[in-house]
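One structure is given here, and the rest of the page talks about it.
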Amino acid sequence: MNLFADIHTLVTRSLWELQEEGVLPDGLDFTSVTVEPPRDTLHGDMATNAAMVLAKPAKMKPHDIAVPLAARLLTDERVDTADVAGPGFLNLRLTTAVWAAVVPAALQAGVDFGRSRMGHGKRINIEYVSANPTGPLHVGHTRGAVFGDTLANLLAFAGFDVTREYYINDGGAQVDVLARSVYLRYLEAHGQDVAFEDGTYPGDYLIPVGQALKEKAGDAYVGAPEADWLTDVREFSTGAMMDLIREDLKALGVEMDLFYSEKSLYNTGQIEAALEALEQKGLICEGVPEPPKSRTPEYWEPRKQTLFRSSEHGDDVDRPIRKSDGSWTYFAPDIAYHYDKIERGFDALIDVFGTDHGGYVKRMKAAVSALSDGQVSLDVKLIQLVRLLKNGKPFKMSKRAGIFVTMRDIVDQAGADATRFHMLTRKNDAPLDFDFALVLDQSKENPVFYVQYAHARICSVVRKASEAGLDVNDRNLQNCDLAHLSDMAEIALIRKVAEWPRLLELAVHHNEPHRIAFYLYDLAGEYHVLHNRGKSRETLRFWQPEDAAASSARIAMIRAVAVVLSAGLAILGINPMEEM
RNA sequence: GCACCCGUAGCUCAGCCGGAUAGAGCGCUGCCCUCCGAAGGCAGAGGCCGGAGGUUCGAAUCCUCCCGGGUGCGCCA
């Protein structure tokens, strides 16, 4: 159930009725009429802007619309009061029974509370992480992984048909570098002294890969020319790296539906097919690209290249897809990859990139727009940098050249749950501080702890009531008499619970999973306030030994809070804790 | 030079498909508690929402310009 949607429906229906009765003129558009929670609860439970929005098209004063609308709304049993206020707002106060009804609804739905069909089964592809297969995942990937995975969970919860995808950049020169680096480790495993020159990866993580290569190939490649081993070693190495990456992702709780190989696009006609599609739309041409606008274009010499006319689809300039030697630029396989996504029938695409790829967004959108004739949307979410700290000071783990703080290091130290939550305590395009001391802190300064603690506290109260003989089964609690819930603070808590479905809609609309983390933090906060009241005044405790009816109502209420906390944490991929 | 992101309380940030007196945490000030419903509680001060125009009944939110910070900018992916 979504109370805001229900009341919005009621308002719209009332407007139609007023129109039929001639109070309002015909032909009005009600789509901009909203029903929202007012900023200040003193104004009521919900407010609608109907009178103000319709005043102009109806050629009426806001007041003359608001008054009959208020009268009409008051005939609905859910509406307690309807007052015209300010410039024409209509403030509604709902009966406490309406609010109380949120509780059994939540209990009945359980962790599915808030699940919706707003996605209408639309097929959506989310590409995230997509790190080069040349080493372990690091901090930045961790944030992107959590973001993408949580967004995927969120959209699935909202009724989209979601595919989680990882694009393996195994087609470029960097995997040759990987192969050469592994080859050095291989020689090392054979007892040779090797030197890691510039352009190779000296990280320790390749030592076991070199040893594994030795076990597999023996000394077959020792002393052999590169041409003899490069292909084999490259394949072996990228395979090993992807195994490592998959393991790391799993430790974070991230599982992809599909790992898509860039290499698979080469020599299979796929790149050619994508470019042919663009060609047919007249979007491929030969030309000299504009010189780079960087400060130092001295070495620029104009050369004729094959260009994608991305400027026809919103890009600033046309982009080269072939290098001057005729081979593909990195943009070409990316076009082909997105073309493949379109061909696979997705209605919408989301790419999660690091912020350093910001300059790449327009051309990618242009490609998708062109290839789908504007039918498939592409939303690119850029993930800002993560600053690792410990007690507020920059944190560096002991590391050798070439190895950064890895995702595995983070998960090992902070745990997957805390890592996931913390990575969402900032909007994706804002830089984020990840402080190990804070993430592990057992106090209210730590939002992860704060939310988990609220859930554990509820479990503790429910457990206690149960031990004292109260039937705390959710099915039973659904039927208890909620008239006992009349305290303003209790209604406020329920109101917060009732916002959950609406919050989800907003998060989906903006593709912003961090909103869930913030909401859960707020909800936990409101719960703690109520819980703390019971410390000073026993009559305000949820469990009242002398009053089973009141206890049931209150336990039902806090169970509803627990349900939302669980549902929210589930979307974040986090297990709620029953005790701390 | 151009593009994108950001500029909100002393600090770190929410809010931004336009809505009423702009929120939270930290820090600060005051009071209370130290009772396993534990790993503190309550209250308060603190803002021309970077600046200037514009659209609108209404702008932190949308548009334009400017200022400040970050990122990116041909044959690296």
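Brief remarks follow.
- Within the stretch A:147-180, tally of residues that are in a helix (DSSP H, G or I), within 15 Å of RNA strand B (Cβ to nearest atom) and within 26 Å of A:Ile410 (Cα to Cα): 7
- Members of the stretch A:184-211 that are under 39 Å from the mean Cα position of the chain (by Cα), in a helix (DSSP H, G or I) and among the aromatic types (Phe, Trp, Tyr): A:Tyr205
- Selection from the stretch A:201-220 of residues that are open to solvent by 30 Å² or more (accessible area, probe 1.4 Å) and within 18 Å of A:Val177 (Cβ to Cβ): A:Tyr201, A:Pro202, A:Asp204, A:Tyr205, A:Ile207
- Of the residues making up the stretch A:63-90, those that are assigned to a strand (DSSP E or B) and within 37 Å of the chain's Cα centre (by Cα) are A:Val79, A:Phe89, A:Leu90.
- Filtered residues of the stretch A:321-339 (kept if touching a strand residue (DSSP E or B) at 6+ places or on another chain (Cβ under 8 Å), farther than 13 Å from A:Leu278 by Cα and surrounded by 14 or more Cβ atoms within 10 Å (Cβ to Cβ)): A:Arg322, A:Lys323, A:Trp328, A:Thr329, A:Phe331, A:Tyr337
- Single match in A:Asp76, A:Asp83 (criterion: of a type in the set (Asp, Glu), touching a residue at least 60 places away in the same chain (Cβ under 8 Å) and surrounded by fewer than 20 Cβ atoms within 10 Å (Cβ to Cβ)): A:Asp76
- Residue list for the stretch A:534-550, filter: part of a helix (DSSP H, G or I) and either more than 16 Å from A:Arg457 (Cα to Cα) or within 7 Å of RNA strand B (Cβ to nearest atom) (or both): A:Gly534, A:Lys535, A:Ser536, A:Glu538, A:Thr539, A:Ala548, A:Ala549, A:Ala550
- Residue in the stretch A:91-101 that is open to solvent by less than 10 Å² (accessible area, probe 1.4 Å), out of contact with any strand residue (DSSP E or B) (no Cβ under 7 Å at 6 or more places or on another chain), closer than 27 Å to A:Leu565 by Cα and part of a helix (DSSP H, G or I) present: yes
- Filtering the stretch A:104-154 to residues that are more than 11 Å from the chain's Cα centre (by Cα) and aromatic (Phe, Trp, Tyr) leaves only A:Phe113.
- Contact map, the stretch A:513-529: residues that are over 18 Å from A:Ser443 (Cβ atoms) and near RNA strand B (Cβ under 9 Å from one of its atoms) paired with residues that are open to solvent by 10 Å² or more (accessible area, probe 1.4 Å) and basic (Lys, Arg), Cβ distance under 6 Å, separation 6+ or inter-chain. Pairs shown: A:His514/A:Lys427.
- Residue satisfying all of: in the stretch A:418-459; more than 6 Å from RNA strand B (Cβ to nearest atom) and of a type in the set (S, T, N, Q); nearest to A:Ser552 (Cα to Cα) among these: A:Gln452
- Count of the stretch A:149-167 residues which are of a type in the set (Val, Ile, Thr) and open to solvent by 20 Å² or more (accessible area, probe 1.4 Å): 2
- Checked against the criteria, A:Glu197 does not count as surrounded by fewer than 21 Cβ atoms within 10 Å (Cβ to Cβ), over 30 Å from A:Arg117 (Cα atoms) and at pLDDT 90 or above.
- Condition check for A:Leu155: of a type in the set (A, V, I, L, M), in contact with a strand residue (DSSP E or B) (Cβ under 6 Å, 6 or more places away or on another chain) and at pLDDT below 95: no
- Being of a type in the set (S, T, N, Q), open to solvent by less than 20 Å² (accessible area, probe 1.4 Å) and at pLDDT below 95 is a property that holds for A:Ser310.
- Residue satisfying condition, being open to solvent by 70 Å² or more (accessible area, probe 1.4 Å), hydroxyl-bearing (Ser, Thr, Tyr) and more than 30 Å from A:Leu107 (Cα to Cα), within set A:Thr9, A:Thr31: A:Thr31
- Residues that are touching a residue at least 24 places away in the same chain (Cβ under 8 Å) and more than 8 Å from RNA strand B (Cβ to nearest atom) were ranked within the stretch A:28-45; the one that is farthest from A:Asn2 (Cα to Cα) is A:Leu28.
- For A:Arg344, the conditions (1) more than 8 Å from RNA strand B (Cβ to nearest atom); (2) closer than 28 Å to A:Val129 by Cα; (3) basic (Lys, Arg); (4) modelled with pLDDT under 95 all hold with the exception of (4).
- Selection count where residues are within 30 Å of A:Thr419 (Cα to Cα) and touching a Gly at 6+ places or on another chain (Cβ under 8 Å), scope the stretch A:455-502: 2
- Boolean, A:Asp232 is in a helix (DSSP H, G or I), without any contact (Cβ under 8 Å) to a residue 40 or more places away in the chain and in contact with a Phe, Trp or Tyr (Cβ under 8 Å, 6 or more places away or on another chain): yes
- Any hit, the stretch A:115-123, residues being under 22 Å from A:Glu20 (Cβ atoms), open to solvent by less than 40 Å² (accessible area, probe 1.4 Å) and modelled with pLDDT of 90 or more: no
The values are calculated or read from the model by the stated rules, or taken from the named source; none is laboratory data. What you see is a predicted model; the values in this text were computed from it and never measured. Neighbour counts are summed over all protein chains in view; Cβ atoms, including those assigned to glycine, are modelled from backbone coordinates with ideal geometry. Ligands, DNA and RNA are stripped out before the accessible areas are found, and what is left, the full protein with its side chains, is counted by its heavy atoms. Shrake-Rupley method; radii C 1.70, N 1.55, O 1.52, S 1.80 Å.
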